[in-house]
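The next block holds one structure in the form of structure tokens; read it before the comments.
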Amino acid sequence: MATSTVPPASPAKVNRIGLQVLDYRGSKSTLCAGCGHNAISERIIEACYEMGVEPHRVAKLSGIGCSSKSPAYFLRSAYGLNAVHGRMPSIATGAMLANRHLIALGVSGDGDTASIGIGQFVHLMRRNMPLIYIIEDNGVYGLTKGQFSATADIGSKLKTGVVNDLPPIDTCALAILLGATYVARSFSGDKKQLSALLKGALAHRGTCMLDVISPCVTFNDHEGSTKSYSYVKDHDEPLADVNFVPYFEDIAVDYDPGTTTNITMHDGSHILLRKLEESYNPTNRTEALRLLTESRERGEIITGLFYVNPTQENFLDLLNVTDEPLATLPESKVRPPKEVLDEIMQDLM
Amino acid sequence: MATTHVEMKEGELPSGRKKVVNNLSIQIATVNGSGSQTANTVLLRAIFQMGIPVSGKNLFPSNIAGLPTWFTIRASKDGYIARRKDNEYLVAMNPETAEEDVLALKPGAACIYDERLNLRRLRDDVVFYAVPFDRLVAPVCPDVRLRKLVRNMIYDGVLARLLGIDMEQLRIALRKQFRKKTKAVDLNFNAAQTGYDYATKTFEKRDPYSLEPLDETRGKIIIDGNSACALGALFAGVTVVTWYPITPSSTVCETLIEYMKQYRMDKETGKATFAIVQAEDELAAIGMVMGAGWAGARAMTATSGPGISLMAEFTGFGYYAEIPSVIFDIQRVGPSTGLPTRTAQGDVIKNALLSHGDTKHILLIPCSPEECFSLSIEAFDLAQELQTPVFVMSDLDLGMNNWMSDPFPYPEKPIARGKVLNAEEVRRLGGFARYKDVDGDGVGYRTLPGTPGPLAGYFTRGSGHNENANYSERPGDYVDNMDRLARKFETARMKAPKPLMMDKGRHEVAIIAYGTSHWAVMESLDQLKKEQEIEACYCRLRAYPFSREVFDFIHKHKRVYVVDQNRDAQMANLLRLELEADDVKKLRSIRHYDGLPVDARSITDGIVSQEAEN
């Protein structure tokens, strides 16, 4: 009998920069089992892996809350900063000013964004700073055990029976109104849509705002809640079927230009939106706002890419910031020579 | 120097009064928004150009137009530049305050006033010079809209005549003010000349005060503290500036923007080697500084008391997460909105301990524009070396007033960026522990976001963490970390700028002061010696944490007077926290907190009365 040979171990699957999925994982999640946030972390890992994102270029930024803990649970070798409550936008802005080569990935919650952080949120949206802002939106404060946040729907009921009597802030409508250039809503349970939207965000050079409904299994997943798994599944109305084709792959997908919109992103990637119902133009801000208003009136949770503008000038270009990271400019570029000081002193004499 | 200096005849003075040369304070009372700033600055500069040591203090309201403003110019042959309580000359332009201003004059003082105010009736022990401003301004300024602004130049001309200020110096000062706008120079100079001619024709000099050229200001510059801070930031290599407007700090960033646009554009690419963002509020301004400091930028913001209050949370984050950052606090009067346009040293304790928990911060305290420049540079270096927020503690008096100064020396030390590991170093080390005290100085090593390598990244958080920067609630990890931060503060104690001492040998009475109080203390030391034969030693603090020398100084003396421009003796109390019990008893307090810069007489009187109680 011939010598038996052990079949060679199949080489670990790697992405285009030679990293395994494992390299995009983080530490073990301490969130509740079944928390929507964990599913979002999985989609971030997947999107970064498939896009071949270099982890060291990623700045994971967050505020305070369950959502804001999650950056520890993906991209272990990236740089993380868990700031103070509601202030992730300013931290992200500062980091991007210091080093424009970074990929800023901000994770916030509905309380962290729409309640305590609404001031910084609206001003961030105005600037079109290149970054990704994800709201892990469950309409409730988890760490303090289940109080309403400002995205909770009117009439929604807490476990304790308390009914929310104020209207929600629609973070997507706000973001579109104020100037964000990539605005979408998704559902932590919709793997395909969320993954495509995240990849689209990674391909964009401007402010991406993704409101991801992410049910809280402990405090907001019961009958009467409008952010429970079952409620969202029943009321989710995807706007279009979202497909993402990265720049490093050929568009092999057959699509019908009559029913599918092809959006070319900043890096040459494509987002293909196959319309499910009526015709919708995601590059029209007014139409996007009308859609959000009407769907809210119908009681639908509409999801998908609402608005995109791949060519709008971003904040760093507006500021005319030099191409090298400011953080590491050499002394010769940041300290003017003695002659300059002499000239200024002479002028003050 | 071309001179049109006017000699006064002795006989013109009232009998028994001696000429007083180069020793006077002029108070100019106007309405804010009336354009008096040009006239006042030009006057100050003209006296400076005559070689006479001079200082100017603008006492202005928190208002755009219509409320009283006083500008005080002090000329002193002895070089005293602190505020003085009383004035020899008053220019009364504001009907609202004129009576009160005249009644406050000391006997023998002189008053130039707008003829319509009819002030002469108020006193017979003051020398009055009535000037018909409106009648004089009309012919020199046909444009009615400009008259309100130009009419102030007339008092410059009248003062020039009465005090002996060289008109040519006024012209040079106007050119400095208006640069290439020759029309504006001519218009304003003509108004001054009109005032000068009117005074020549009309007035007999009846007061004893005059100015004569000296040679005490050669080679010096005139600059405000905020501009000096801006220059410090420019030469410190600042890269990210985020700010929110607030009096009296706004001109730090506004001036900096001008300098950066001029001197920090990359010549090859035409792009900015900096980013300046006006944030939506102070919460965001400090947040951006933290984000930028974390990512490796030399980042700063500038603000004042109310802004500092808003920045408290993030500053505590900066302390605990160890993020280099520089905060300029141009202090104004609190509590709350307080007196936004008046000066104080009211943020000492607040900033030293800003934010909840056991938090301590480094404060650098300049007393002059020169130190605004040098300590600003020092602040950026210390922030990066010690990986922590650093405050530059200026105040409204220093920040917004014009000061004489020696030209600033070019920084000798290269930019210090602290303990930053690059990709190769991390690889060679096989990773690193962000918060490990490798060198025993309490300062860990960091990497900058973007540094490649699977082991270079780390997680920064304001929540409990161990030396590997992992989340931890373990009691031991917490204590170790807090103890290391305390060790780092001891390193700061050694690295922060040392106090400056004047040891007079007799170790009875001593003064400790900081910031702008310095100038009044210097004058007070002379008063104490001349009037009371008290030879006091002096220690000027320049930083918190206090260095050992400060404690030794207190230990060596019997009675130590701490001068604070706040109600609660904040610096004295901050010292008490660290002193031995016997030394605590030596501390006495001189407090000044009426919103005006402290004057020498207040300090002298305060010390003399407490000495009498011995």
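For the reader, a short list of remarks on this structure follows.
- Each peptide in B:376-385, B:25-34 was scored by the mean count of other Cβ atoms within 10 Å over its residues; highest first, the order is B:376-385, B:25-34.
- Over all Cα atoms in the range A:125-281, the spread is summed up by Rg and Dmax: 17.2, 53 Å.
- Largest mean-square fluctuation among A:LYS13, A:LYS157, A:LYS69, in a Gaussian network model of chain A whose springs join Cα atoms under 10 Å apart, belongs to A:LYS13.
- Residue mean of other protein chain beta carbons inside 10 Å, B:232-238: 4
- Calculated FRET value between A:ASP317 and B:LYS183, using beta carbons and R₀ = 35 Å, to 0.05: 0.30
- Cα-projected label distance for B:GLN278 with A:THR286, points at 7 Å along beta-carbon direction, nm: 3.1
- Exposure proxy shown here: for A:LEU316, A:LEU105, the number of other Cβ atoms within 10 Å sets the order, fewest to most, as A:LEU316, A:LEU105.
- Calculated log₁₀ intensity ratio I(q)/I(0) where the Debye formula runs over C-alpha points of the range B:272-364, q = 0.11, 0.21, 0.24 Å⁻¹: -0.30, -1.05, -1.29
- The peptide list B:419-429, B:330-340, B:153-163, put in order of mean Cβ contacts within 10 Å with the highest first, becomes B:153-163, B:330-340, B:419-429.
- Among beta bridges identified by DSSP and lying wholly in the protein assembly as shown, the antiparallel ones come to about 35 percent.
- Against chain B, whose longest principal axis is taken from its Cα atoms, helix B:600-612 shows a tilt of about 70°.
- FRET efficiency for the B:ASP197 to B:LYS77 pair, using the beta carbon distance and R₀ = 41 Å, is estimated at 0.90.
- With the highest mean first, a sort of the peptides B:357-368, A:231-242 on other beta-carbon atoms found within 10 angstrom per residue produces B:357-368, A:231-242.
- At 1.306 mPa s and 10 °C, Stokes diffusion of the range B:500-612 via Kirkwood alpha-carbon radius, µm² per second: 115
- Principal axis extents of the C-alpha atoms in chain B (largest first, rounded to whole Å): 87, 66, 41.
- Table column - 3J(HN,Hα) (Hz), the range A:237-250, Karplus curve with 6.51, -1.76, 1.60, x for Gly and Pro: 10, x, 6, 7, 8, 9, 10, 10, 10, x, 4, 8, 10, 6
- 10 Å Cβ neighbours from other chains, averaged over peptide B:279-286: 5
- The stretch between B:ASN190 and B:LYS148 holds 13.7 nm of extra length on full extension. This uses 0.36 nm per residue minus the Cα-Cα distance.
- Within the straight-line cut-off of under 20 Å between alpha carbons, the aspartates and glutamates reachable from B:LYS181 are A:ASP347, B:ASP143, B:ASP156, B:GLU168, B:GLU258, sequence neighbours fewer than 8 places apart in one chain being disregarded.
- Label positions at A:GLU249 and B:ASP503, each projected 7 Å from the Cα along the C-beta direction, are separated by 7.7 nm.
- The range B:223-405: translational diffusion in µm²/s, Stokes-Einstein, Kirkwood Rh over Cα pairs, 10 °C, 1.306 mPa s: 101
- Across B:LYS148/B:LYS183; A:LYS192/A:LYS233; A:LYS159/A:LYS192; B:LYS267/B:LYS419; A:LYS69/A:LYS233, pairs whose alpha-carbon gap is larger than 19 Å: A:LYS159/A:LYS192; B:LYS267/B:LYS419; A:LYS69/A:LYS233
- Only Cα pairs under 8 Å and 6+ residues apart enter the sum, and on that basis the relative contact order of the range B:230-296 stands at 43 percent.
- The calculated FRET efficiency for the pair B:VAL20 and A:ARG126, based on their C-beta separation and a Förster distance of 51 Å, comes to about 0.25.
- Ranked B:TYR259, B:TYR209, criterion: other C-beta atoms within 10 Å, fewest first: B:TYR259, B:TYR209
- The range B:51-103 and the range B:210-283 have Cα centres separated by 27 Å.
- Set of aspartates and glutamates with alpha-carbon distance to B:LYS495 below 14 Å, sequence-local pairs under 8 removed: B:GLU378, B:ASP381, B:GLU385, B:ASP441, B:GLU549
- Contact order for chain B, expressed relative to its length and based on alpha carbon pairs under 8 Å spaced 6+ residues apart, stands at 12 percent.
- Evaluated at q = 0.16, 0.18 Å⁻¹: base-10 log I(q)/I(0), Debye formula over Cα of the range B:10-217: -1.05, -1.38
- In the range A:1-142, the inverse of the mean reciprocal separation of distinct Cα atoms equals 16.2 Å; this is its Kirkwood hydrodynamic radius.
- Between helix B:475-495 and chain B: long-axis angle, C-alpha atoms, 0 to 90°, nearest 10: 40
- Gap separating the Cα centres of the range A:176-213 and the range A:241-282, nearest whole Å: 15
- Less than 5 angstrom separates the built amide H of B:VAL390 from those of B:SER325, B:VAL326, B:ILE327, all sequence-distant by 5 or more or on a different chain.
- Per residue of peptide B:216-227, the mean number of Cβ atoms on other chains within 10 Å of the residue Cβ is 2.
- Largest GNM mean-square fluctuation across A:TYR133, A:TYR79, A:TYR307, computed for chain A with C-alpha springs under 10 Å, falls on A:TYR79.
- A convex hull fitted around the alpha carbon atoms of chain A yields 210 Å³ per residue.
- Exposed loop positions in chain A were taken to be GluC sites (Glu not before Pro) whose DSSP state is not H, G, I, E or B and which have at most 14 other beta-carbon atoms within 10 angstrom. Between these positions, the longest stretch is A:1-222.
- Gain in span if fully extended, B:ALA65 to B:THR269, counting 0.36 nm per residue against the direct Cα distance: 69.1 nm
- Tilt relative to chain B, helix B:517-532 - C-alpha long axis, 0 to 90 degrees, to 10: 60
- Gained length - B:GLN532 relative to B:PHE551, 0.36 nm times residue gap less alpha-carbon distance: 4.2 nm
- For chain A, relative contact order (Cα pairs under 8 Å, six or more residues apart, normalised by length) works out to 15 percent.
- Size descriptors for the range B:147-281 (Cα atoms only): Rg and Dmax, in that order, 20.9, 64 Å.
- Divided by 2.2 N^0.38 Å, where N counts the residues, the Cα radius of gyration of the range B:423-495 comes to 1.16.
- Residue among B:PRO449, B:GLY464, B:ALA492 farthest towards the positive dipole end of the range B:423-495, charges placed on Cβ: B:PRO449
- Aspartates and glutamates with Cα under 15 Å of A:LYS333, excluding same-chain neighbours fewer than 8 positions away: A:ASP323, A:GLU324, B:ASP266, B:GLU268
- Set the Cα radius of gyration of the range B:446-539 against 2.2 N^0.38 Å, with N its number of residues, and you get 1.94.
- What the Cα convex hull of the protein assembly as shown gives, in volume per residue, is 229 Å³.
- Selected from B:TYR593, B:MET502, B:ILE534, residue furthest toward positive end of dipole (the range B:500-612; charges at beta carbon): B:MET502
Just so you know, all these numbers are worked out from the coordinates, no wet-lab data involved. These figures come from a predicted structure and were not determined experimentally. Note that we place each Cβ from the backbone using ideal geometry, even for glycine, and neighbour counts take in every protein chain shown.
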